[in-house]
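Pasting a structure here, questions to come.
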Amino acid sequence: MGIIANKIIFTIIVGDQMIVDRAHEYLEKIEKSDINAYIQIDKERVLKEAEELEKNEKLKNKPLYGKLIAVKSNINVKGYTISCASKTLENYVSSYDATVIKKIKSQGGLVIGMTNMDEFASGSSGETSYYGATKNPNAVGRIPGGSSSGSAAAVAADLCDMALGSDTGGSIRNPASHCGVVGFKPSYGVVSRQGLCDLAMSFDQIGPLTKSAEDALVLTNVIKGLDISDSTTVNTPKFEKKDIGNYKIGIVKEFMEVSDEKIRNKIEEGIEVFKDLGCEIVELSYKYTDLALPTYYLINYVEFFSATRKYDGRRYGYPIEEACGEEVLRRILIGKHISEKEYSGKYYKKALQARRLMKMEMLKLFKEVDVIISPTVPKLPHKIGEELTPMEMYAYDVLTVPTNICGICAGVVKCGDINGIPVGLQIQGKPFDDEKVLSAMIELDKITRWFCCSLA
């Protein structure tokens, strides 16, 4: 037998062995970890599925073969507890796989466990979980961000290969920034929401949290696509990495102005990277920045209130209002109040009108540029346990909620740190320009990763 053939066989054997070995390694690291990234781990199941995967010849050449993937606990995985980090659903064991999970399994991916999160995805800190706060492995003592706190922390602490989160108003990008990992929120409709426990259905989107932007591209390509179970989904061509040398990069002055000066300085360093790549920088203005939070939260409250009506205690054991935490209850009660007053179109109707205005204005900006870059969050993450008012907490979202309001795509790549605290740069693109955003993320990630390694 020739040298090349022997080499191929050896590679396959080593690869086979590595799936189970790596599963053991990750499971041991998770067991020793104190960051509280996971809610549920089924060691026996993971190892059994790893062994079965090694024997599956049909999956060996698939893009996710052998990848161990963490899943946010609001995405259904058959046989796992889908609690949404709430006492309300602590006994709910899923009977089916969400569409994204089916796709991951069909491409050789393996679910390693269910990650911690803000209860019912209602939070930006990772502190509101019934199972306790998630810790930030890259900023000790600080919040990891939310609501996909466990998924981001698991990736940052190397407790999985990659992870799934959900993003309603920044819930992938916020923790990606705080934990120093890559996060991507696809355009609304690119990824099926079938099997996702809704926070606000007109905003929600499932997306990846990864160690590199290249991995984000791979995982996005796996989970995207038309799904007859979700009428909002569309077919898109396979996303490829493209040259960005001729990109026009937009900088919205209002997005910079609302951010802390130290964060702005880091983003400006990222802007210089794009200049060096040959991109043209274009200054822009977005006049509806001040509408972002009130518009988002009014719609969020109403849609969340509607979504929670199914958690009545008869099916799941606890009425949600009796079992949930403070933030979830606040959103339910405000949503109920808004819904009761809606006969006059007093609140929700006006919020929908504002949403249309914001989207029209955002789309105008993309006529001038390919992508828009900005800070991800306007301030550094606070210390775990530090008391903030609801409005102070909501302020974390001012730069991420426009993406969801407008249905556009956005990703986050680490562009530096401030006193050891990671800072993520956000890249936004118009609806279905996911390929452009992912391409820009990859280029920035390559350079910042090399720079950080060269300093180490």
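Just to be sure, is residue 67 charged (D, E, K, R), within 26 Å of residue 145 (Cβ to Cβ), surrounded by 17 or more Cβ atoms within 10 Å (Cβ to Cβ) and at pLDDT 95 or above?
The answer is yes for residue 67.
Give me a count of the residues in the stretch 172-227 that are at pLDDT 95 or above, among the charged types (D, E, K, R) and in contact with a helix residue (DSSP H, G or I) (Cβ under 7 Å, 6 or more places away or on another chain).
Adding up the residues that qualify gives 4.
Within the stretch 387-428, work out how many residues are among the small types (Gly, Ala, Ser) and out of contact with any Ser or Thr (no Cβ under 8 Å at 6 or more places or on another chain).
3
Would you mention how many residues in the stretch 359-418 are in contact with a His (Cβ under 8 Å, 6 or more places away or on another chain) and either in a helix (DSSP H, G or I) or closer than 30 Å to residue 242 by Cα (or both)?
1
Taking the stretch 140-160 as the search range and keeping residues that are surrounded by fewer than 24 Cβ atoms within 10 Å (Cβ to Cβ) and not β-branched (Val, Ile, Thr), which one is nearest to residue 379 (Cα to Cα)?
142
Among the listed residues 375, 319, identify the single one that is at pLDDT below 95 and in contact with a Gly (Cβ under 9 Å, 6 or more places away or on another chain).
Testing whether each residue is at pLDDT below 95 and in contact with a Gly (Cβ under 9 Å, 6 or more places away or on another chain) leaves just 319.
Among the residues of the stretch 263-288 satisfying the criterion of being of a type in the set (Val, Ile, Thr) and more than 22 Å from the chain's Cα centre (by Cα), which is farthest from residue 413 (Cα to Cα)? Before the answer, list the steps.
First pass over the stretch 263-288, keeping only residues of a type in the set (Val, Ile, Thr): 263, 267, 271, 273, 281-282.
Applying the additional criterion that residues be more than 22 Å from the chain's Cα centre (by Cα) yields 271, 273, 281-282.
Numbers: 271: 13, 273: 13, 281: 18, 282: 20 Å.
Of everything passing the filter in the stretch 263-288, 282 is farthest from residue 413 (Cα to Cα).
Which condition from (1) surrounded by 16 or more Cβ atoms within 10 Å (Cβ to Cβ); (2) farther than 24 Å from residue 397 by Cβ is the one that residue 309 breaks?
Looking at each condition in turn, residue 309 falls short on (1).
I've got another one for you. Please tell me if residue 303 is of a type in the set (Asp, Glu) and closer than 23 Å to residue 195 by Cβ.
So residue 303 passes the test.
Now for a separate question. For the stretch 50-66, indicate whether the set of residues that are closer than 23 Å to residue 313 by Cα, in contact (Cβ under 8 Å) with a residue 12 or more places away in the chain and aromatic (Phe, Trp, Tyr) is non-empty.
Within the stretch 50-66 (the criterion being closer than 23 Å to residue 313 by Cα, in contact (Cβ under 8 Å) with a residue 12 or more places away in the chain and aromatic (Phe, Trp, Tyr)), the answer is no, since none of the residues qualifies.
Regarding the stretch 236-259, can at least one residue be identified that is farther than 22 Å from residue 372 by Cα, more than 21 Å from the chain's Cα centre (by Cα) and not β-branched (Val, Ile, Thr)? Quick ask: steps written out before the conclusion?
Of the stretch 236-259, the ones farther than 22 Å from residue 372 by Cα are 237-238.
Checking which are more than 21 Å from the chain's Cα centre (by Cα) leaves us with 237.
Applying the additional criterion that residues be not β-branched (Val, Ile, Thr) yields 237.
The answer is yes; a qualifying residue exists.
Something else: Please count how many residues of the stretch 417-434 are buried (at least 20 other Cβ atoms within 10 Å of the Cβ) and touching an Asp or Glu at 6+ places or on another chain (Cβ under 8 Å).
Of the residues in the stretch 417-434, 2 are buried (at least 20 other Cβ atoms within 10 Å of the Cβ) and touching an Asp or Glu at 6+ places or on another chain (Cβ under 8 Å).
Would you point out which residue out of 139, 152, 133 is within 17 Å of the chain's Cα centre (by Cα) and closer than 29 Å to residue 394 by Cα?
On inspection, the qualifying residue turns out to be 152.
Still on this model: Would you be able to tell me the number of residues in the stretch 355-385 that are out of contact with any strand residue (DSSP E or B) (no Cβ under 9 Å at 6 or more places or on another chain) and surrounded by fewer than 16 Cβ atoms within 10 Å (Cβ to Cβ)?
The qualifying residues number 8.
Consider residue 326 carefully, then state whether it is modelled with pLDDT of 95 or more, closer than 19 Å to residue 147 by Cα and surrounded by fewer than 19 Cβ atoms within 10 Å (Cβ to Cβ).
Spelling it out, residue 326 is indeed modelled with pLDDT of 95 or more, closer than 19 Å to residue 147 by Cα and surrounded by fewer than 19 Cβ atoms within 10 Å (Cβ to Cβ).
Which residue pairs have Cβ atoms closer than 9 Å, lie 6 or more positions apart in sequence or on different chains, and pair a first residue in the stretch 347-358 that is touching a residue at least 24 places away in the same chain (Cβ under 8 Å) with a second residue that is not in a helix (DSSP H, G or I)?
So the pair list comes out as 354/288; 355/202; 357/288; 358/286; 358/288.
While we're here: For the stretch 273-320, which residues satisfy the criterion of being farther than 27 Å from residue 404 by Cα and either in contact (Cβ under 8 Å) with a residue 40 or more places away in the chain or not in a loop (DSSP other than H, G, I, E, B) (or both)?
Matches in the stretch 273-320: 275, 276, 277, 312, 316, 317, 318, 319.
State whether the residues of the stretch 432-444 include one that is touching a residue at least 40 places away in the same chain (Cβ under 8 Å) and not in a helix (DSSP H, G or I).
yes
Next up: Determine, yes or no, whether residue 253 is modelled with pLDDT of 95 or more and surrounded by 14 or more Cβ atoms within 10 Å (Cβ to Cβ).
Here the answer is no, as residue 253 does not meet what is asked.
Something else about it: Give all pairs with beta carbons closer than 8 Å in which a residue from the stretch 400-415 that is of a type in the set (Lys, Arg) meets a residue that is in a strand (DSSP E or B); count only pairs at least 6 apart in sequence or on separate chains.
Between residues of the stretch 400-415 that are of a type in the set (Lys, Arg) and residues that are in a strand (DSSP E or B), the close pairs are 414/182; 414/422; 414/423; 414/424; 414/425.
Which of the residues belonging to the stretch 115-129 are part of a loop (DSSP other than H, G, I, E, B) and either out of contact with any Gly (no Cβ under 7 Å at 6 or more places or on another chain) or under 15 Å from residue 181 (Cβ atoms) (or both)?
Across the stretch 115-129, the qualifying residues are 122, 126, 127, 129.
What pairs come up if the first residue lies in the stretch 360-379 and is under 16 Å from residue 256 (Cβ atoms), the second is of a type in the set (Asp, Glu) and buried (at least 22 other Cβ atoms within 10 Å of the Cβ), and their beta carbons are under 9 Å apart, counting only those six or more places apart or on different chains?
377/397
Can you tell me which of 106, 86, 94 is surrounded by 24 or more Cβ atoms within 10 Å (Cβ to Cβ) and among the hydroxyl-bearing types (Ser, Thr, Tyr)? Don't jump to the end; show me each part of the working.
Values: 106 fails: surrounded by 24 or more Cβ atoms within 10 Å (Cβ to Cβ); 94 fails: surrounded by 24 or more Cβ atoms within 10 Å (Cβ to Cβ).
Answer to the check: 86.
The values are calculated or read from the model by the stated rules, or taken from the named source; none is laboratory data. Remember, predicted model here, so these are calculated numbers, not experimental data. For neighbour counting, all protein chains shown are included, and Cβ atoms are generated from backbone atoms with ideal geometry for every residue, glycine included.
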